[in-house]
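Asks: Before anything else, here's the structure in question.
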Amino acid sequence: MAPIGHLTQPTARLDALSRARQRAALLPDCLAEARRVANTVIAGWHGRRKRGIGETFWQFRPYVDGESLSQIDWRRSARDDHLYVRDREWEAAHTIWLWADQSPSMLYKSDVAMVGKESRALVLMLALAEILARSGERVGCPGVMEPVASRNAAERLALALAHAPRQTALPDLGRVGRMSDVVLIGDFLDPDETLERCIGPAARRGIRGHLIEISDPVEENFPYSGRTEFRDPETGQKLVAGRAETVAADYRRAWLARREVLAQGVRHLGWSFLSHSTGRLASEALAAAHGHLSGIPAAAKRVPA
């Protein structure tokens, strides 16, 4: 039986072609929603600002011995007894690789969820592309789109996804440069060793990474009772529980333990981990992810959509 969490409604399995068509039809709506969520989250923000070599003034800071005297702002320094340097905002484009899980388990949507897991993952990926593109970053998707620095990066990514083969396996990060960031969005119900084979080598090469785990409220809460049939969307295997409520407590403990092991493994590699339920607002996960990408997780605030 597949790992805990592969709970699906009893629907016929879609073949590869119908899934591709379904995803292509979903992408325009996801792009529109992504832009709406991005506009909500980005309001009042100033991108991924950091000190660098650009032209835009950022802040004054105290002069440090050893720095070039040409960096001193003498007008600001004349106001008191300290020397100040005029910092400028970094303008060199950074590369961020975005990936969303498209495996069959991501198609699940319970009656209590706002949207399906795949739809939420695509919205978050495209919303991140929108925000990062506005900040001048280069955005790409492993195996789908090479990094581009363009204001319409989200639209280009959506178009590339619509024409790309459905990727059900974790991405190959071998070509990702060591100064890049990687954002992986999915339910991560694969065995632990599968995920480690994907992100372990990248983390050891110094690549910064961020995992956003997507789950349905039903997968977390297990509200079932009575005779219930569960079907694994990856293998088609079935499990019938005569009185599902009798295993609910054990299931919830196992689910939380699985998530904790996943989070600890990811953080041990130096990557960030964020869990997000499709019963919550997409803007919450987007704000948190933006905070991690900016290197300031404390800035990841809950933003109403």
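Nothing in this text is a laboratory measurement; each read-out follows from the coordinates by a stated rule. Here the structure is a predicted model, which is why all the values come from computation and not from measurement. Glycine also receives a Cβ, built like all others from the backbone with ideal geometry; neighbour counts cover every protein chain displayed.
Asks: How much length is gained on full extension from Arg151 to Ala32, taking 0.36 nm per residue of separation minus their Cα-Cα distance?
Replies: The span from Arg151 to Ala32 would gain 41.3 nm if fully extended.
Asks: Find how much the distance from Glu229 to Arg134 grows on full extension, using 0.36 nm per residue of separation minus their present alpha carbon separation; answer in nm with one decimal. If you can, show how the numbers build up before the last one.
Replies: On the way: separation 95, 0.36 × 95 = 34.20 nm, distance 4.65 nm.
Extra length from Glu229 to Arg134 when fully extended: 29.6 nm.
Asks: For segment 138-251, compute Rg over Rh where Rg is the Cα radius of gyration and Rh is the Kirkwood radius from the inverse mean 1/r over Cα pairs.
Replies: 1.09
Asks: Something else: What order do you get for 69-76, 191-198, 111-118 when each peptide is scored by the mean count of other beta carbon atoms within 10 Å, highest first?
Replies: Ranked by mean Cβ neighbours within 10 Å, highest first: 111-118, 191-198, 69-76.
Asks: Also: How far apart, in nanometres, would the label points at Arg86 and Arg178 be if each is projected 7 angstrom from Cα along the Cα-to-Cβ direction?
Replies: 3.6
Asks: If you take the charge dipole of segment 181-305 about its Cα centre, with +1 on Lys and Arg Cβ and -1 on Asp and Glu Cβ, which of Pro217, Ala282, Val247 is farthest toward its positive end?
Replies: Farthest towards the positive pole: Ala282.
Asks: If r is the Cβ-Cβ distance from His268 to Glu245 and R0 is 35 Å, what FRET efficiency results, to the nearest 0.05?
Replies: Approximately 0.45, to the nearest 0.05.
Asks: Also, quick follow-up: Using 0.36 nm per residue of separation minus the Cα-Cα distance, give me the extension gain between Ala164 and Ser70 in nm, one decimal.
Replies: Value of the extension gain: 28.7 nm.
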